[in-house]
Structures are given as C-alpha cells and as structure tokens.
Amino acid sequence: MERNLFVFSDGLKLVHCRLDGVYSAYLSVMTGAGSGNESAENNGVSHCVEHMLFKGTKRRSAFAISDDIDKLGAQINAFTSKLATCYYTLSLAEHLEECADVLADILFEPSLDEGELDKERKVIDEEISMSEDDGADLCLDELSAAYFGEHPLARTILGPRENVARFKSADLKEYIARNYAADSTVVTISGNVTFERAKQVAAKYFYSRLPKAGRAWQDVPASPACGSRVREKSDLEQSHIGIALPSLPYRHEKDMALAVFNAVLGGNMSSRLFQEIREKQGLAYSVFSSPSTYINNGYLCIYAGVNRKNAVKCTQTIARLLEDLKKHPITASELEKGKQQIKTAYALSGENTLGCGGLHARYALYTGELLDTAKEIARVESVTLDDMVWIGEELLRREKASVSYVGREIKRDLREVLLEK
C-alpha cells in the first residue's frame with residue numbers, strides 16, 4: 001500500500017493511502033475541535049456545528065446536499081468525538097471530486113440559518129434522549145465524569161439540553177472561526193486514487209480555505225478524580241457497571257503493551273474477563289475492557305451489563321481478576337495470542353478504504369506524522385512479558401479507580417466493593 005503525507009503552506013495536511021484493486025474512495029476532513037475543547041457554558045457546540053453543516057449552504061439546501069450525494073450512489077456522514085470532528089464521504093473513486101465539492105460546500109459555505117437551528121435543536125434533543133435511554137452509553141458517559149471530574153474530557157459530546165437550547169447561529173459561527181483551522185485539520189483520501197490526483201483535489205477544494213492557526217489542545221494532563229457516579233433509572237431491566245483505571249495517553253512508549261494487555265484482559269471472547277464473568281459465572285451478556293486514549297490522558301475502561309442482583313458479585317469478580325493479573329501475570333501463550341489480535345486488527349484496517357482512512361486521519365491529526373503500519377506491527381512484536389508485568393503493576397491500582405453505575409437502586413457503593421480486600 002502506498003502512503004503519503006503532504007503539508008500545504010497553510011498547515012493543512014493531506015494523508016493519502018493508495019489501495020489498488022478496490023473501486024471505492026474515502027474522503028474525510030477531520031479537524032481538532034471536539035467536546036474536550038469546550039467550556040461548561042458551550043459544551044455540546046462541536047456536535048451542534050456538525051449537525052448544522054448539513055442543513056444548507058449558499059448553493060445547496062439540506063435536501064440538495066443529500067440528493068447530490070445519493071445521485072452518486074455515495075454516502076456522506078460525520079461524527080464528533082472528544083478531540084475531533086470529522087466529515088466524510090464514501091463513493092466510487094470516479095466520483096471523488098463531486099464528493100469533495102459537497103464537503104467543501106458544507107464546510108466553508110454553511111448557511112447556519114436560525115430557523116434551521118431551531119428545528120435541529122429538536123433533533124439533537126431526541127439524540128440526547130436516545131443516549132439517556134441506552135444504559136450502556138449513559139454508564140460510559142458517567143464513567144468519564146467520574147474519572148475526569150472538572151476536566152473538559154469529563155463532559156459529554158452531546159452536551160446538556162439547556163446549552164443546546166440557547167445556542168444561536170452567531171455562537172456557531174464564532175466557534176467555527178475560532179476552532180476550525182488549517183494547522184489542526186487533516187484531509188484524508190484513501191482508495192484507488194493516485195497521489196497526484198489526491199493532491200489536486202485537496203488543493204482545489206480545501207487548501208487556503210481555513211485560517212492558518214487555531215486553538216491549542218486543551219487536553220492537558222489530568223489526575224484521576226477517583227469518583228463514583230450513580231444514575232438510578234427504575235425503568236431499566238439491566239444494570240450497567242463502568243470501572244476506569246488510570247492508563248496511558250495516545251502514543252505512549254508502552255501503548256502497544258497496553259493494547260496487547262487489554263486483549264488478554266477483556267478485548268475478546270477468550271479474555272479473562274469474558275471467560276470468568278460470562279462463560280463461567282453467567283453474570284453478563286456484554287462484558288469487555290477497552291483503553292480510552294487522548295493526547296495527554298487515558299484510562300482503561302471495564303464495562304459489564306448485569307442483572308441488578310448480580311451487580312455486587314460482578315464487581316467483586318472484577319476486583320479479584322485485577323488482583324489475580326498482578327499475582328499471576330499474563331503468560332507467554334496469552335501474550336502471543338494478544339499480539340496476534342492486535343496485528344490482525346492493524347492488517348484488516350488497511351484492507352478497506354473506510355478503516356484505512358479513519359486510522360490514518362486520526363494518527364496524522366494527533367501526531368502530525370504519517371502512520372507506518374509495518375512499524376506499528378513491529379512495535380507489537382516487540383512487546384515482552386516484562387511489559388505485561390509493568391502494565392499490571394502500574395495500571396491495575398484499584399485505589400485509583402473511578403466507578404459508574406446506571407440502573408435500579410442497589411444498596412452498595414460499587415467503588416467501595418471494588419476496593420474491598
């Protein structure tokens with residue numbers, strides 16, 4: 001696979017991934033503006049902007065945006081995360097330029113009509129309701145709040161209803177002008193597209209369209225708040241448990257060791273968490289672990305959805321497994337299995353335009369560099385059993401854990417349960 005990184009004179013980055021033998025092309029514009037860059041007063045504005053850019057431009061109505069993409073048989077979508085907002089299309093490679101025209105139109109010429117904003121508030125309000133009705137989503141949002149405390153990363157991506165209700169068109173314009181900047185934006189093109197064509201498309205539609213410099217990352221290092229958050233919801237049949245342990249930031253020297261460790265802990269069906277909690281004890285249908293990494297922060301998340309009467313037992317089991325991982329470290333066979341899992345994930349991500357483009361876009365945005373998949377796989381291979389011991393000793397510290405619980409009332413504080421000897 002051919003990969004290229006090109007930096008325009010205004011600081012805009014182009015990532016190109018050539019995939020021969022495919023018909024499709026992925027095009028994305030990812031900019032470093034997400035909920036982690038917001039204040040309590042404007043929390044939710046990044047996501048609101050994402051919605052509103054699809055509600056019409058000077059040249060296209062909201063319907064025309066969708067219709068022009070649908071005529072191509074293509075797809076257009078967007079997402080907001082805690083550190084970024086991404087707008088992307090997926091189409092036949094022959095329609096790359098038409099898709100670029102639509103993306104550039106919504107990014108640089110949005111109408112941000114006040115009447116459309118009034119309507120879109122209702123849509124976002126429904127999205128917030130949907131998230132709050134999903135016990136797992138709500139549990140993980142509460143877990144971020146419990147772990148980060150007053151840090152911006154504690155806030156939800158959707159924001160509170162009262163913020164969304166008061167946003168005006170002028171607020172969105174001001175936010176875009178302050179946060180959408182060339183030096184913190186990456187255009188990514190992956191698929192059956194030459195590097196020269198990718199440069200031509202990026203130059204024509206995205207170069208010199210943004211201010212050169214934007215804001216600095218607000219993702220400053222945070223100490224774990226060691227909090228406990230409870231949301232009682234009497235209408236839920238299932239209870240949801242989240243546990244966050246201090247972990248590693250994005251591109252830490254031990255990040256591949258963490259990825260392998262997580263695969264063994266709770267990243268797949270043969271993991272220790274899955275085998276003990278689901279297969280042996282039948283306590284949960286969904287149970288997993290996953291590292292959440294940010295530029296200067298990170299935590300290791302453990303989640304389980306259980307019957308309310310099993311919430312305490314499940315938490316006790318997790319505590320026991322964490323201690324057991326320190327007393328009985330990951331074995332050579334588990335290490336090799338974890339390595340294969342991570343290597344395969346990297347390899348498969350490079351075999352489709354969407355996965356390849358998304359992976360490279362995030363890496364370039366956060367590091368300013370081009371991801372070398374072969375080097376990343378070599379880093380996976382270099383992980384040792386000593387690294388597994390280090391991860392267990394440094395990260396599996398229950399006294400630094402934060403805990404969230406969503407469901408019907410239980411009589412115990414699950415963080416206290418987790419800390420029991």
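The values are calculated or read from the model by the stated rules, or taken from the named source; none is laboratory data. Only a predicted model underlies this, so the values are computations on that prediction, with no experimental measurement involved. No Cβ is skipped: glycine too gets one built from the backbone with ideal geometry, and neighbour counts run over all protein chains shown. The accessibility values were calculated without ligands, DNA or RNA, using every heavy atom of the protein model including side chains. Shrake-Rupley method; radii C 1.70, N 1.55, O 1.52, S 1.80 Å.
Which residues, counting only those in segment 89-125, are among the hydroxyl-bearing types (Ser, Thr, Tyr) and either touching a helix residue (DSSP H, G or I) at 6+ places or on another chain (Cβ under 6 Å) or under 14 Å from Tyr205 (Cβ atoms) (or both)?
Thr89, Ser91, listed by residue number.
Checking each residue in segment 1-53 for being touching a His at 6+ places or on another chain (Cβ under 9 Å) and among the hydrophobic types (A, V, I, L, M, F, W, C) picks out Leu5, Phe6, Val15, Cys17, Ala25. Every residue in segment 381-421 that is closer than 18 Å to Ile342 by Cβ and buried (at least 20 other Cβ atoms within 10 Å of the Cβ), please. Listed by number, the residues that qualify are Val383, Met388, Ile391, Gly392, Leu395. Note on segment 77-89: residues that are open to solvent by 40 Å² or more (accessible area, probe 1.4 Å) and over 21 Å from Ile128 (Cα atoms) total 1.
For segment 105-138, which positions are in contact with a strand residue (DSSP E or B) (Cβ under 9 Å, 6 or more places away or on another chain), surrounded by fewer than 18 Cβ atoms within 10 Å (Cβ to Cβ) and touching a residue at least 60 places away in the same chain (Cβ under 8 Å)? Answer for segment 105-138, where residues must be in contact with a strand residue (DSSP E or B) (Cβ under 9 Å, 6 or more places away or on another chain), surrounded by fewer than 18 Cβ atoms within 10 Å (Cβ to Cβ) and touching a residue at least 60 places away in the same chain (Cβ under 8 Å): Phe108, Ala136. You will find that of Ala319, Ala345, the residue that is out of contact with any strand residue (DSSP E or B) (no Cβ under 8 Å at 6 or more places or on another chain), of a type outside the set (Asp, Glu) and open to solvent by 30 Å² or more (accessible area, probe 1.4 Å) is Ala345 and no other. Which ones in segment 294-308 are of a type outside the set (Phe, Trp, Tyr) and either open to solvent by less than 30 Å² (accessible area, probe 1.4 Å) or farther than 18 Å from Leu418 by Cβ (or both)? Once the filter is applied, which keeps residues that are of a type outside the set (Phe, Trp, Tyr) and either open to solvent by less than 30 Å² (accessible area, probe 1.4 Å) or farther than 18 Å from Leu418 by Cβ (or both), segment 294-308 yields Ile295, Asn296, Asn297, Gly298, Leu300, Cys301, Ile302, Ala304, Gly305, Val306, Asn307. Within segment 19-42, the set of residues being surrounded by fewer than 19 Cβ atoms within 10 Å (Cβ to Cβ) and under 30 Å from Asp372 (Cα atoms) comprises Asp20, Gly21, Val22, Tyr23. Residues in segment 153-208 that are part of a helix (DSSP H, G or I), under 18 Å from Leu370 (Cβ atoms) and not aliphatic (A, V, I, L, M): how many? Within segment 153-208, residues that are part of a helix (DSSP H, G or I), under 18 Å from Leu370 (Cβ atoms) and not aliphatic (A, V, I, L, M) number 5. The number of residues in segment 207-253 being modelled with pLDDT under 90 and either open to solvent by less than 60 Å² (accessible area, probe 1.4 Å) or under 21 Å from Thr317 (Cβ atoms) (or both) comes to 4. Of the residues making up segment 130-150, not one is acidic (Asp, Glu) and in contact with an Asp or Glu (Cβ under 7 Å, 6 or more places away or on another chain).
Under the condition of being out of contact with any Leu (no Cβ under 7 Å at 6 or more places or on another chain), more than 21 Å from Leu90 (Cβ to Cβ) and aliphatic (A, V, I, L, M), the residues counted in segment 46-79 number 0.
For segment 43-61, the candidate set comprises residues that are within 27 Å of the chain's Cα centre (by Cα) and outside any loop (DSSP other than H, G, I, E, B); within that set, the residue that is surrounded by the most Cβ atoms within 10 Å (Cβ to Cβ) is Ser46.
Inspect all residues belonging to segment 63-70 and state whether any of them is touching a residue at least 60 places away in the same chain (Cβ under 8 Å), over 21 Å from the mean Cα position of the chain (by Cα), over 30 Å from Leu153 (Cα atoms) and not in a strand (DSSP E or B). Scanning segment 63-70 turns up no residue that is touching a residue at least 60 places away in the same chain (Cβ under 8 Å), over 21 Å from the mean Cα position of the chain (by Cα), over 30 Å from Leu153 (Cα atoms) and not in a strand (DSSP E or B). Taking segment 272-293 as the range and being more than 30 Å from His252 (Cβ to Cβ), loosely packed, with under 15 Cβ neighbours inside 10 Å and not charged (D, E, K, R) as the test, the residues that pass are Gln281, Gly282, Tyr285.
Among the residues of segment 363-380, those identified as surrounded by 14 or more Cβ atoms within 10 Å (Cβ to Cβ), touching a residue at least 60 places away in the same chain (Cβ under 8 Å) and of a type outside the set (Ser, Thr, Tyr) are Ala364, Leu365, Gly368, Leu370, Leu371, Glu376, Arg379, Val380. The number of residues in segment 350-364 that are under 12 Å from Lys13 (Cα atoms) and touching a helix residue (DSSP H, G or I) at 6+ places or on another chain (Cβ under 7 Å) comes to 0.
For every residue, the table says whether it meets (1) modelled with pLDDT under 95; (2) aromatic (Phe, Trp, Tyr); (3) within 22 Å of the chain's Cα centre (by Cα).
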| site | (1), (2), (3) |
| --- | --- |
| Leu283 | no, no, no |
| Pro291 | no, no, yes |
| Arg308 | no, no, no |
| Thr315 | no, no, no |
| His328 | yes, no, no |
| Glu334 | no, no, no |
| Ala347 | yes, no, yes |
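Taking every residue in segment 201-215 that is on the phi > 0 side of the Ramachandran plot and pairing it with any residue that is assigned to a loop (DSSP other than H, G, I, E, B), at least 6 positions away or on another chain, the pairs with Cβ-Cβ distances below 7 Å are Ser208/Asp10.
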